[in-house]
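Here's the structure, in structure tokens; my notes come after.
Please treat every number below as a calculation from the coordinates, not as lab data. In this text, all values refer to a predicted model and were calculated from it rather than measured experimentally. Positions of Cβ are backbone-derived with ideal geometry, glycine not excepted, and every protein chain shown enters the neighbour counts.
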Amino acid sequence: MAAKIKKGDKVVILTGRDKGKSGEVLKVMTAENRVLVSGVNMVKRHNRPTQQSAGGIETKESPIHVSNVALTDPKSGEPTRVGFTTLKDGKKVRVARKSGEVIDG
């Protein structure tokens, strides 16, 4: 099955402490049904000093479940669901349900 959310897509967070925030998908983990979104779901990791690094507290993104994000509509900028359609040349493309706009293609 084709992916509804891909790397590089602009998404909006629907639930959780970051509800309403938006960002770009950095990584898609299909096996775990999770996505990594830039600037969203930030967590702090305490790193032990090693010969290569000084250690300290690092802030980084944590994966969020794919059901908690929605693609941003290219026309209006609002969250939208994703559908698929086939163009006249036989190419399968993603379509924003809210506006009917083709997302990639």
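Taking amide H positions as modeled 1.01 Å from N, with prolines and chain starts lacking one, the residues under 5 Å from residue 95 and 5 or more places away or on another chain are 83, 84, 85, 103.
Backbone phi angles across the stretch 11-24, fed through the Karplus curve with coefficients 6.51, -1.76 and 1.60 (θ = phi - 60°), yield HN-Hα couplings of 10, 10, 7, 9, 9, x, 5, 9, 4, x, 6, 10, x, 9 Hz in residue order; Gly and Pro are listed as x. Taking 0.36 nm per residue of separation and subtracting the Cα-Cα distance, full extension of the segment from residue 21 to residue 75 would add 17.6 nm. Among the listed pairs 44/92; 27/91; 60/91; 7/88; 21/88; 44/91, those with a Cα-Cα distance over 32 Å are 44/92; 60/91; 21/88; 44/91. Evaluated with a Cβ-only charge set (Lys, Arg +1; Asp, Glu -1), the chain carries a dipole of roughly 160 debye about its Cα centre, given to the nearest 20.
Since only 36, 16, 67 are under comparison, the one whose Cα sits farthest along the positive direction of the charge dipole of the stretch 10-75, derived from C-beta charges on Lys, Arg, Asp and Glu, is 16. Cβ-Cβ distance of residue 85 and residue 45, R₀ of 30 Å, FRET efficiency by 1/(1 + (r/R0)^6): the value works out to about 0.10.
Computed FRET efficiency, Cβ-Cβ of residue 58 and residue 99, R0 35 Å: what is it to the nearest 0.05?
Working from the Cβ atoms, E equals 0.35.
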